[in-house]
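Report on one structure; see the data block that follows.
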Amino acid sequence: MTTLGQHEGAKSMTGGNVTMPDHDRLDLTEIVDFDRYPIAEPGRPASRIVGRCRAELAGDGACQLDGFMRPAAAQAVLDEAEMLSSKAFRTDATHNAYFTKVTAGIPARDPRGVRLHTSKRALGYKYWGASSPLRILYQWDGLVTFLKDVLELQGLYRDADPMGACSVMFHDDGDELGWHFDNSEFAVTLMLQDCVEGGEFEYVPAIRAADDENFAAVRAVLEGAREPVRSLRADPGTLTLFRGRYSLHRVTPVRGTTARVNAVLAYASTAGHRLTPLNRRLFYGPDED
């Protein structure tokens with residue numbers, strides 16, 4: 001049995017007026033479906049999963065592991081997120097697809113001048129209890145090793161930011177994530193709850209490259225071109241790996257009273273990475289400098 005001994009005797013966590021329950025200690029077999037994804041065991045079974053993920057990332061720019069987190073664990077994380085939701089910080093802002101400043105003098109057809117809309121709530125990592133299945137999963141070294149193998153990286157480290165390391169995003173009725181490129185090479189997300197209508201993850205894989213911004217193609221998508229756009233849908237418990245630096249992507253507006261809720265697991269190629277104080281204020285609120 002694969003266990004996380006460092007979580008033995010985990011205490012309840014208090015955040016403001018919200019007190020999280022003191023869960024029984026969980027081992028990883030209660031969180032990750034190792035029958036489907038035997039990534040904790042060395043040898044051929046894990047290698048097959050790694051090979052599949054590499055192939056899908058190379059071909060599609062994204063890889064989904066359906067049911068990676070067991071249903072009961074995903075529901076426990078969702079319940080905890082709802083209990084803590086009053087701590088989530090709401091963002092409602094405009095930006096361009098590059099998250100750079102839109103200045104006067106940008107040419108009329110330059111996509112860097114197109115303003116897009118994002119609105120959501122973000123719940124930072126510091127609010128999660130030590131015995132939360134989400135925190136246990138994120139702190140498991142085996143997940144880091146698996147991701148490093150899939151992405152063929154020399155080094156990979158959990159983010160050290162107290163808010164941005166592993167946060168949960170709520171997209172409520174009318175919320176959306178506008179078209180954009182990520183600053184990081186890849187993203188790792190875990191779906192906790194899908195909405196009933198809208199909330200589609202749409203992307204255009206490899207629309208730009210390190211030596212070619214391909215502004216004309218980017219502009220066409222921002223103006224409504226649909227031919228190159230792909231869509232992903234994820235059930236609760238699905239782990240998604242996505243190469244977002246060169247793939248334009250967005251979440252379409254959510255409709256209805258059921259929020260779209262997912263966790264974002266952050267990693268870096270160097271140890272000790274943190275958000276800048278400016279970005280922490282932007283994403284998690286003015287009290288998070």
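The values are calculated or read from the model by the stated rules, or taken from the named source; none is laboratory data. The model shown is predicted, which means the values in this text are computed figures rather than measured ones. Virtual Cβ from ideal backbone geometry, glycine too; neighbours counted across all protein chains shown.
Condition (residue is more than 25 Å from Gly61 (Cβ to Cβ), in a strand (DSSP E or B), without any contact (Cβ under 8 Å) to a residue 40 or more places away in the chain and charged (D, E, K, R)) applied to segment 88-100: is it met by at least one residue?
Checked segment 88-100: at least one residue is more than 25 Å from Gly61 (Cβ to Cβ), in a strand (DSSP E or B), without any contact (Cβ under 8 Å) to a residue 40 or more places away in the chain and charged (D, E, K, R).
Give just the number: which of (1) surrounded by fewer than 20 Cβ atoms within 10 Å (Cβ to Cβ); (2) closer than 24 Å to Tyr203 by Cα does Thr145 not satisfy?
Here Thr145 clears every test but (2).
If we keep just the residues of segment 127-136 that are part of a helix (DSSP H, G or I) and in contact with a Phe, Trp or Tyr (Cβ under 9 Å, 6 or more places away or on another chain), which is nearest to Leu65 (Cα to Cα)? Can you show your working first?
Start the filter on segment 127-136 by keeping residues that are part of a helix (DSSP H, G or I), which leaves 127, 133-136.
Filter again for in contact with a Phe, Trp or Tyr (Cβ under 9 Å, 6 or more places away or on another chain), leaving 134-135.
On the way: Leu134: 16, Arg135: 19 Å.
Residue satisfying both the conditions and the ranking: Leu134.
Here are some conditions: (1) in contact with a Ser or Thr (Cβ under 9 Å, 6 or more places away or on another chain); (2) more than 18 Å from Phe99 (Cα to Cα). Arg245 meets all but one. Which one does it not meet?
(2)
Can you name the number of the only condition in (1) farther than 18 Å from Gly61 by Cβ; (2) at pLDDT below 95 that Phe186 fails?
Of the numbered conditions (1) farther than 18 Å from Gly61 by Cβ; (2) at pLDDT below 95, the odd one out for Phe186 is (1).
Which ranges mark the strands (runs of 3 or more DSSP E) fully within segment 188-283 that have 2 or more residues being under 25 Å from Ala55 (Cβ atoms) and in contact (Cβ under 8 Å) with a residue 60 or more places away in the chain?
Values: elements: 201-204, 230-232, 239-242, 248-251, 260-265.
Fully inside segment 188-283 and qualifying: 230-232, 239-242, 248-251, 260-265.
Yes or no: segment 109-116 includes at least one residue that is assigned to a loop (DSSP other than H, G, I, E, B) and free of Cβ contacts under 8 Å to residues at least 60 places away in the same chain. First the steps, then the outcome.
Taking segment 109-116 first, the residues assigned to a loop (DSSP other than H, G, I, E, B) are 109-110, 114-115.
Now restrict to residues that are free of Cβ contacts under 8 Å to residues at least 60 places away in the same chain: 115.
Yes, the conditions are met somewhere in segment 109-116.
For Ala76, are the conditions met, namely being out of contact with any strand residue (DSSP E or B) (no Cβ under 9 Å at 6 or more places or on another chain) and either crowded, with 19+ Cβ neighbours inside 10 Å or in a loop (DSSP other than H, G, I, E, B) (or both)? Show your work before the answer.
On the way: out of contact with any strand residue (DSSP E or B) (no Cβ under 9 Å at 6 or more places or on another chain): yes; either crowded, with 19+ Cβ neighbours inside 10 Å or in a loop (DSSP other than H, G, I, E, B) (or both): yes.
Yes.
Could you give me the residue pairs with C-beta distances under 6 Å whose first residue belongs to segment 42-71 and is closer than 14 Å to Ala234 by Cα, whose second residue is assigned to a helix (DSSP H, G or I) wherever it lies, and which are 6+ apart or on separate chains?
Final answer for the pair search is Cys63/Cys53; Cys63/Glu56; Cys63/Leu57.
Go through (1) more than 21 Å from Gly174 (Cα to Cα); (2) within 13 Å of the chain's Cα centre (by Cα); (3) not acidic (Asp, Glu) and name the single condition Ala234 misses.
So Ala234 meets the others, but not (1).
Within segment 169-184, does at least one residue satisfy the condition of being in a strand (DSSP E or B), touching a strand residue (DSSP E or B) at 6+ places or on another chain (Cβ under 9 Å) and farther than 22 Å from Ala234 by Cβ? Walk me through how you get there before you give the answer.
Step one: filter segment 169-184 for residues in a strand (DSSP E or B), giving 169-171, 176-180.
Cutting the leftovers down to touching a strand residue (DSSP E or B) at 6+ places or on another chain (Cβ under 9 Å) gives us 169-171, 176-180.
Subset that is farther than 22 Å from Ala234 by Cβ: none.
No - not one qualifying residue is present in segment 169-184.
In the set Leu153, Leu192, Leu134, Leu143, which member is over 23 Å from Ala220 (Cα atoms), at pLDDT below 95 and of a type in the set (A, V, I, L, M)? It would help to see each step written out before you state the result.
Working: Leu192 fails: at pLDDT below 95; Leu134 fails: at pLDDT below 95; Leu143 fails: at pLDDT below 95.
Only one candidate passes the filter, namely Leu153.
For segment 200-221, does any single residue satisfy the condition of being surrounded by 18 or more Cβ atoms within 10 Å (Cβ to Cβ), at pLDDT below 95 and either under 20 Å from the mean Cα position of the chain (by Cα) or not acidic (Asp, Glu) (or both)?
So far as segment 200-221 goes, no, none of its residues is surrounded by 18 or more Cβ atoms within 10 Å (Cβ to Cβ), at pLDDT below 95 and either under 20 Å from the mean Cα position of the chain (by Cα) or not acidic (Asp, Glu) (or both).
Being β-branched (Val, Ile, Thr) and under 13 Å from Leu57 (Cα atoms) is the filter here; which residues of segment 221-244 pass it?
Looking only at segment 221-244, we keep the residues that are β-branched (Val, Ile, Thr), and these are 221, 229, 238, 240.
Passing the criteria: only Thr240.
So, in segment 159-192, exactly how many residues are surrounded by 17 or more Cβ atoms within 10 Å (Cβ to Cβ) and more than 24 Å from Gly285 (Cα to Cα)?
Residues of segment 159-192 that are surrounded by 17 or more Cβ atoms within 10 Å (Cβ to Cβ), as a first pass: 159, 161, 163-172, 175-181, 186-192.
Okay, now just the ones that are also more than 24 Å from Gly285 (Cα to Cα), so 186.
The total comes to 1.
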